[in-house]
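Q: The structure's right below; bear with me while I get my questions together.
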Amino acid sequence: MGITRRQLLKFSGIGMLGAVIFAGCRIPEREFLAESPVLIPEDLVEGQDAYYATLVRPSTGVESVLVRVMEGRAKKIEGNPDHPLSRGKHTAQAEASLQELYHPDRIATPLRRVTGAERGSGQYEEISWEAALDELEMKLKEYSGNPKNVAMITEPLRGVLGTVVGRFASNYGATQLTFETVDQTVVRSVFKQMFNQDRLPVFDVKNAHYVLSFGADFLSTWHAPLHYNWQYGEFRGTDLGERGTLVQIEPRFSMTAANADTWVPINPGTEGVLALAIADEIVKKGIGNVTAMASLGTVISAHALPLATSAEVTNIPESTIVEMAHDFAKHQPGVAIGGGLAAAQTNGSFNMTAVYLLNALVGNIGKKGGILFNPAAPLKDVTSNAAATPLTEFQQFADRMRGNDVKAVLVHGADPVHGLPGAVQFRQSVKENVEFVASFSNFMDETTALADLILPDLVPMESWGDDVSDPGPGYEAIALQQPVVMPFVNVRSFGDVLLAAAEGLGGGMTRGLPWATMKDAIRANSEELYKLNRGSIQQYPSFEDFWVGVLQRGGWWDTKATSKDSTVAKINKVSGDPVPTFSGDKGQYPFHLLPFLSHSMGDGRDAHLPWLQATPDPITTAVWSTWVELNPHSAKDLDVKEGDIVEVISPKGTVEAQVYVNPATPPSVVSVPIGQGHTSLGRFAEGIGSNVMNIVDALSDADTGALAWGATRVKLRLTGKHKRVPKFEGMVVPRLLDPDIGGSGPLTPGGRLYKISNGKDHKGHH
């Protein structure tokens, strides 16, 4: 009699491991345990460390790491020096993944809501995995007559797990949604439109001489900051002693702005107007790529505003616009990056099209120091494009729930209850209108707290998986994830549970899902890689030898397998309205609200990890709190000081936050970090700060439907309460150069430009 997928689940926590060995990395050779994969804990040597290559998945992006394991316990995480994206580096978020493994609030066994208990009451009973799987299969069979009544909501997934989830949803007929609080929908859509690319590109910062960044805080939270941090190090100094120039155009003083040569605080939503003004100056002066100017000149002239008008709209002096245009065209190769707040507007697509047009105008598409395309994954069963579902589709889905058209929701790796704007009313819709909710979560986040059935997942260091890096290195690359420790609690892999459920449902559900476990799927794809006989691991005498090799190195890549797609931009028009729309009348709501991802906790999914709660914000050094960054002149007008608690009021709601007086905050804006204000997620997250997403209006980009999270206006109201802002030890008061008064002091309404560097850099740039 054959063994079933469900039976295999009993053994899925025990996996074959590949110990890692590297030459030239900084780990002492004597600490290596290098041998063929064997079972844990049979490979245990008391007092001997072993390093294993695997993946961790913090909110800032997937990272290839080495995990130091001693006597069955993971002790330390370091960057994988062999992986082309990690290059031995890792983030604080990756380091904190250890706390997820040993967390006291981790869900340790399947849970079922107590019969008769109100949904969201927190009343659960422990059940066996057999009972949990039986209930899941029973519910899926019950709704199979009209499978569109069932929805699956996950994080954006790449690799084999993305394939498994996609095929499960497709074969069953379920609605599939992917959720991120702050997503890349606009950027992805514009690249698809302009360059016919399904994957995000590589912005080749390290080889650029000049970088114009519009809204993208790529050194902190935007789009794989680990990757761009080491690139930035190369960009700032080479063996030749040259130093690249970075200009950050952003209404908030971010980490990237703090590291820029020049910070240009721009009016929110006008980044596209500025980009077109720069492009128009390049064309008029004939200083761009000759071929590109001939093909794009008509489009640019049709949409660019007069220089004086552009200066007025953006609040950037004409002389500064002209200077940026000439510097960008002259100091090549150069690259223009767009994203973050520039894309988070109702005219986000217009802004991004204008920004990326600059790269085409100087002929830097597909060239070193410009924009490099990433090829698709080398295997058909590995998903390489992980796009999030736009806000407008979530709004339609919430409407469906309120219309009782959705009977069941399955959730994994996503917390839309906490992350969607309160105006969507997602929590109410799930709580009151859905018959059955199942969550595959490690922790009791806000969405999981509404579940009827909880089937806890493995954490990454206990799991099999893979990832097609986003962004990629510019060539084919697949990273592998292997378990480095045995599960400490009674949990099972989300992918394995889906495969077992598919077998239980029978019929067509098993078509396209031929694997019993995720490990089987990873091995099957690795066999296909082996057959290619190329790349970083090749010429092995057998697949088993190859399998050990890819686990030891943490993946496979082929530096010669680059994108063969066209490098010519196809731009017939700059779509969308150059003028953004904002929620709230300027007279009543005088400030632009600029939410920003937490440097340590991202969108808040990592708020349950105390190491990250205690990691200071690099600009304010604040920890364990929600604050509102306020210009000193605005603070004086409101008669508030640091630590005063104010109500931040939008047309959609109110949250409280502590004032942080920041001289680098323009007078017309206030900034509040995303990620706090949890009502669930454990002892280290609950009751800390406020959730700014509750007051963000549900406006969207006109072309893509993506959330325009930077398009809400607010006002501030004093509460009379005061509490000291918790900060890292020490106090540093930043001082800025105010061009209007020619001295050191806070940024004033007239002060528009912050130059960090004085004089000329090594290349002679101003």
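Q: Just one of the numbered conditions (1) surrounded by 24 or more Cβ atoms within 10 Å (Cβ to Cβ); (2) over 23 Å from THR353 (Cβ atoms) is not true of ASN259; which one?
A: Single failed check for ASN259: (1).
Q: Please enumerate the residues belonging to the stretch 123-154 that are under 30 Å from the mean Cα position of the chain (by Cα) and modelled with pLDDT under 95.
A: Within the stretch 123-154, LYS148, ASN149 meet the criteria.
Q: Would you pick out the residues in the stretch 413-453 that are over 26 Å from ALA708 (Cβ atoms) and among the small types (Gly, Ala, Ser)?
A: ALA438, SER439, SER441, ALA449, ALA451, listed by residue number.
Q: Taking into account only those residues within the stretch 168-225 that are among the aliphatic types (A, V, I, L, M) and assigned to a loop (DSSP other than H, G, I, E, B), which is surrounded by the most Cβ atoms within 10 Å (Cβ to Cβ)? Walk me through how you get there before you give the answer.
A: If we filter the stretch 168-225 for residues that are among the aliphatic types (A, V, I, L, M), which is where we start, we get 169, 174, 177, 182, 186-187, 190, 194, 200, 202, 205, 208, 211-212, 216, 219, 224.
Add one more test, that the residue is assigned to a loop (DSSP other than H, G, I, E, B), and what stays is 174, 182, 200, 208, 216, 219, 224.
Values: ALA174: 22, VAL182: 25, LEU200: 21, ALA208: 26, ALA216: 28, LEU219: 24, ALA224: 19.
It comes out as ALA216.
Q: Restricting the search to the stretch 131-167, which residues are in a helix (DSSP H, G or I) and touching a Leu at 6+ places or on another chain (Cβ under 7 Å)?
A: If the condition is that a residue be in a helix (DSSP H, G or I) and touching a Leu at 6+ places or on another chain (Cβ under 7 Å), then ALA132, GLU135, LEU136, GLU137, LEU140, LYS141, VAL164, VAL165, ARG167 are the ones that fit.
Q: Would you be able to tell me the number of residues in the stretch 113-154 that are surrounded by 19 or more Cβ atoms within 10 Å (Cβ to Cβ) and out of contact with any Lys or Arg (no Cβ under 8 Å at 6 or more places or on another chain)?
A: Count: 7.
Q: From (1) part of a loop (DSSP other than H, G, I, E, B); (2) in contact with a Ser or Thr (Cβ under 7 Å, 6 or more places away or on another chain), pick out the condition that doesn't hold for GLN538.
A: Unmet for GLN538, out of (1) part of a loop (DSSP other than H, G, I, E, B); (2) in contact with a Ser or Thr (Cβ under 7 Å, 6 or more places away or on another chain): (2).
Q: Going by the conditions given, is SER64 under 20 Å from VAL550 (Cβ atoms), modelled with pLDDT of 90 or more and among the hydroxyl-bearing types (Ser, Thr, Tyr)?
A: Working: under 20 Å from VAL550 (Cβ atoms): yes; modelled with pLDDT of 90 or more: yes; among the hydroxyl-bearing types (Ser, Thr, Tyr): yes.
Criteria met by SER64.
Q: Looking at ILE77, ILE107, which is the one that is surrounded by 15 or more Cβ atoms within 10 Å (Cβ to Cβ) and touching a helix residue (DSSP H, G or I) at 6+ places or on another chain (Cβ under 6 Å)?
A: Details: ILE107 fails: touching a helix residue (DSSP H, G or I) at 6+ places or on another chain (Cβ under 6 Å).
Only one candidate passes the filter, namely ILE77.
Q: Could I ask something else about it? Does ALA216 meet the test of being over 22 Å from the mean Cα position of the chain (by Cα) and of a type in the set (Gly, Ala, Ser)? Please lay out each step first, then the result.
A: On the way: over 22 Å from the mean Cα position of the chain (by Cα): no; of a type in the set (Gly, Ala, Ser): yes.
Criteria not met by ALA216.
Q: State all residues of the stretch 395-418 that are part of a helix (DSSP H, G or I), buried (at least 23 other Cβ atoms within 10 Å of the Cβ) and either among the acidic types (Asp, Glu) or touching a residue at least 60 places away in the same chain (Cβ under 8 Å) (or both); if no residue qualifies, say none.
A: PRO416, HIS418
Q: Next up: With the requirement that a residue be within 20 Å of the chain's Cα centre (by Cα), closer than 28 Å to SER575 by Cβ and part of a loop (DSSP other than H, G, I, E, B), what does the stretch 227-272 give you?
A: GLU250, ARG252, SER254
Q: Then there is this: Return yes when HIS331 is buried (at least 24 other Cβ atoms within 10 Å of the Cβ), in contact with a His (Cβ under 7 Å, 6 or more places away or on another chain) and touching a residue at least 12 places away in the same chain (Cβ under 8 Å) and no when it is not.
A: On the way: buried (at least 24 other Cβ atoms within 10 Å of the Cβ): no; in contact with a His (Cβ under 7 Å, 6 or more places away or on another chain): yes; touching a residue at least 12 places away in the same chain (Cβ under 8 Å): yes.
For HIS331, the condition - buried (at least 24 other Cβ atoms within 10 Å of the Cβ), in contact with a His (Cβ under 7 Å, 6 or more places away or on another chain) and touching a residue at least 12 places away in the same chain (Cβ under 8 Å) - is not met.
Q: So, PRO483, is that one in contact (Cβ under 8 Å) with a residue 24 or more places away in the chain and within 27 Å of GLY72 (Cα to Cα) or not?
A: It is true that PRO483 is in contact (Cβ under 8 Å) with a residue 24 or more places away in the chain and within 27 Å of GLY72 (Cα to Cα).
Q: Can you find, within the stretch 419-448, the residue that is surrounded by the most Cβ atoms within 10 Å (Cβ to Cβ) among those that are of a type in the set (Ser, Thr, Tyr) and not in a helix (DSSP H, G or I)?
A: SER439
Q: Report, by residue number, each residue of the stretch 443-458 that is within 28 Å of ARG188 (Cβ to Cβ) and of a type outside the set (Ser, Thr, Tyr).
A: Hits for the stretch 443-458 are ASP445, GLU446, ASP457.
Q: Here's something else I'd like to know. Residues in the stretch 670-703 that are in contact with a helix residue (DSSP H, G or I) (Cβ under 7 Å, 6 or more places away or on another chain) and charged (D, E, K, R): how many?
A: Residues meeting the conditions: 3.
Q: All but one of (1) within 24 Å of GLN93 (Cα to Cα); (2) modelled with pLDDT of 95 or more; (3) assigned to a loop (DSSP other than H, G, I, E, B) hold for GLY710, so report the exception by its number.
A: (1)
Q: State which residue is nearest to ASN229 (Cα to Cα) when the search covers only the stretch 54-66 and only residues that are part of a strand (DSSP E or B) and among the polar types (S, T, N, Q).
A: Restricting attention to the stretch 54-66, the residues satisfying the condition of being part of a strand (DSSP E or B) are 54-56, 63-66.
With among the polar types (S, T, N, Q) added as a condition, the list becomes 54, 64.
On the way: THR54: 21, SER64: 15 Å.
Filtering the stretch 54-66 for residues that are part of a strand (DSSP E or B) and among the polar types (S, T, N, Q), the one nearest to ASN229 (Cα to Cα) comes out as SER64.
Q: Name the residues in the stretch 288-317 that are at pLDDT below 95 and over 34 Å from the mean Cα position of the chain (by Cα), would you?
A: Result: VAL290, THR291, MET293, ALA294, SER295, GLY297, THR298, SER301, ALA302.
Q: Also, I was wondering about something else. Which of the residues belonging to the stretch 67-115 are among the acidic types (Asp, Glu) and part of a loop (DSSP other than H, G, I, E, B)?
A: GLU71, ASP82, ASP105
Q: Among residues belonging to the stretch 80-97 that are of a type in the set (Ser, Thr, Tyr) and out of contact with any helix residue (DSSP H, G or I) (no Cβ under 6 Å at 6 or more places or on another chain), point out the one that is surrounded by the fewest Cβ atoms within 10 Å (Cβ to Cβ).
A: Initial filter on the stretch 80-97 (of a type in the set (Ser, Thr, Tyr)): 86, 91, 97.
Narrowing further to those that are out of contact with any helix residue (DSSP H, G or I) (no Cβ under 6 Å at 6 or more places or on another chain): 86, 97.
On the way: SER86: 28, SER97: 25.
Taking the candidates together, the pick is SER97.
The values are calculated or read from the model by the stated rules, or taken from the named source; none is laboratory data. Please read all numbers here as calculations on a predicted model, not as lab measurements. Quick reminder, even Gly has a Cβ in these numbers, built from the backbone with ideal geometry, and neighbours come from all protein chains shown.
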